[in-house]
Amino acid sequence: MGRLTLRAAADTLRLARPFRISGYVFETSDVVTVTLDDGTHRGRGEGAGVYYLGDDVPHMLAAIERARTAIEAMPSREELRAILPPGGARNAVDAALWELEAIRDGTSVAVLAGLDTPRPVRTTFTIGADAPDAMAASARNYADALAIKMKLTGELDLDIDRVRAVRAARADVWLGVDGNQGFELGDLERLTAALVDHDVALLEQPLARGREADLEGFDSPLPIAGDESILSLADVLTAPGRFDVVNIKLDKCGGLTEGLLMAAEARRLGLGVMVGTMVCSSLGTAPGFVLGQVCDLVDLDGPTFLANDVSPSVSYRDGMLFAGPEVWGTPDAVMA
């Protein structure tokens, strides 16, 4: 069996403007880029980690370095799941393995995954938490958006005003809200009633991770998605009775390999499937685009927050996302 040469490097992606969610403001996104080289072909992957778990660049680089010998021994993607735990480090290496295999085989990641030719997917465009009028202005600025997701902060009266303002500004779009763990159980009856009144289609992660059991028995009038509560495949099994939708993020679960397993398990359990993203470049977004082919909801607008994206990049047009063959995952991909 041959061996690989592993390279891992850190980079800081600067946002075009600060982005606020419940309890956090982003101005940059630090990522790790992994390259796996077999002497002839190279595969690439990007990991942004999971900020609320302390899964930052130093943590990712250290995890990759500890596993260097096993990674350079050219493991399968399934073997990688035992080498590295879920998180950004495994996501970056997993993506590089997918691309390397596709290029060596003269095929595409989609084919390797058993999927049809990828098609453009509708993606949400995210509005950070702000004053209601500012969020309404942001909604109007997303003129081509077909779907919008807005961040809430757990300030119940203000959040309801935010929802009212955004819906008034864009009566035409699919609208979801993300609580980012900001609410208490006692808030939910009033919150969900207001969301239904304003034709909101999804409430994402209203309660803190660790409080999932509080949702058991709560009769929500709209679907609730688990995000921070659903990190990896094991967490999907805990979702029924608490969540209606699982939000799969490749940085949480450790890559496309596990993401596809999570989607299949969620389907088996009768749950909806969503793919989301951390703030990352087009290189980090492209594997999520592949997973998006089998999802009900796609939230992959991470590169739109950046002051400068990588090139080639994914495209956003008429509210749709497409990751072309030049971005990642096919023999035609541009290899840096």
Given Cβ point charges of +1 (Lys, Arg) and -1 (Asp, Glu) and nothing else, what value in debye, to the nearest 20, does the dipole of segment 233-336 about its Cα centre take? 240
Using modelled amide H (1.01 Å from N, peptide plane; none on Pro or chain starts), what sits under 5 Å from the amide H of VAL310, excluding residues fewer than 5 places away? SER282, LEU283
In the chain, with Lys and Arg counted as +1 and Asp and Glu as -1 at Cβ, which of these residues, SER108, ALA201, ALA239, has the Cα nearest the positive end of the dipole, that is, farthest along it? SER108
Amide H to amide H under 5 Å from ASP30: which residues, 5+ apart in sequence or cross-chain, H placed 1.01 Å off N in plane? LEU13
For ARG104 and ALA171, calculate 0.36 nm times their separation in residues minus their Cα-Cα distance, and state this gained length in nm to one decimal. 19.3 nm
Under a GNM of the chain (C-alpha, springs under 10 Å), which listed residue has the highest mean-square fluctuation: GLU46, GLU79, GLU326? GLU79
Determine the per residue accessible area of segment 66-201 with all protein chains present and a 1.4 angstrom probe, expressed in square angstrom. 41
Considering the dipole of the chain built from charges on the beta carbon (Lys and Arg +1, Asp and Glu -1) around the Cα centre, which of CYS295, TYR316, VAL275 is farthest to its positive end? TYR316
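To the nearest 20 Debye, how big is the dipole of segment 84-226 about its Cα centre, given +1 on the beta carbon of each Lys and Arg and -1 on that of each Asp and Glu? It would help to have the intermediate numbers written out before the result.
Working: 14 positive and 24 negative charges, 95 e Å.
Rounded to the nearest 20 debye, it is 460 debye.
Compute the signed sum of charges (Lys and Arg +1, Asp and Glu -1) over the other residues within less than 13 Å, Cβ to Cβ, of ARG14.
Numbers: positive: ARG17; negative: ASP11, GLU27, ASP30, ASP309.
After counting each charged neighbour, the total is -3.
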Say R0 is 25 Å: what FRET efficiency, to the nearest 0.05, do ARG164 and LEU237 get from their beta-carbon distance? 0.10
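Between ASP157 and GLU65, what is 0.36 nm times their sequence separation minus the Cα-Cα distance? Round to one decimal in nm.
Values: separation 92, 0.36 × 92 = 33.12 nm, distance 4.75 nm.
Gain on stretching ASP157 to GLU65: 28.4 nm.
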Choose one answer from GLY255, GLY54, GLY87: the residue with the largest mean-square fluctuation in a GNM of the chain with alpha-carbon springs under 10 Å. GLY54
Once the dipole of the chain is set up with Lys and Arg at +1 and Asp and Glu at -1 on Cβ about the Cα centre, which of LEU13, ILE224, ILE71 lies farthest towards its positive end? ILE71
The answer for the net charge of residues other than ALA110 whose Cβ lies under 11 angstrom from its Cβ, with Lys and Arg +1 and Asp and Glu -1, is 0
From the phi of every residue in segment 10-18, what ³J(HN,Hα) in whole Hz does the Karplus formula 6.51 cos²θ - 1.76 cosθ + 1.60 yield, where θ is phi - 60° and glycine or proline is x? 9, 8, 10, 9, 8, 7, 5, 7, x
Residues whose built amide H sits under 5 Å from the amide H of LYS149, excluding neighbours closer than 5 in sequence, are PHE125, THR126, ILE127, GLY176
HN-Hα J couplings of segment 217-222 from phi, Karplus 6.51/-1.76/1.60, θ = phi - 60°, integer Hz, Gly and Pro as x? x, 7, 8, 7, x, 9
TYR142: accessible area at probe 1.4 Å, nearest 10 Å²? 60
MRE, 222 nm, helices only [DSSP H, n ≥ 4, -39500 (n - 2.57), over the chain, to nearest 500]: -9500 deg cm²/dmol
What spacing in nm lies between the two simple spin-label points modelled at ARG140 and ASP56, each 7 Å away from Cα in the Cβ direction? 3.9
Heavy atoms of the protein only, probe of 1.4 Å, neighbouring chains included. What is the accessible area of ARG211 in Å², nearest 10? 110
With +1 on the Cβ of every Lys and Arg and -1 on the Cβ of every Asp and Glu, and nothing else charged, how large is the dipole of the chain about its Cα centre, in debye rounded to the nearest 20? 580
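The values are calculated or read from the model by the stated rules, or taken from the named source; none is laboratory data. All of these numbers come straight from a predicted model, not from anything done at the bench. A quick note on method: Cβ atoms are made from the backbone with ideal geometry, for glycine too, and the neighbour counts reach across all protein chains shown. Areas reflect the complete protein model, heavy atoms only, side chains present, ligands, DNA and RNA absent. Shrake-Rupley method; radii C 1.70, N 1.55, O 1.52, S 1.80 Å.
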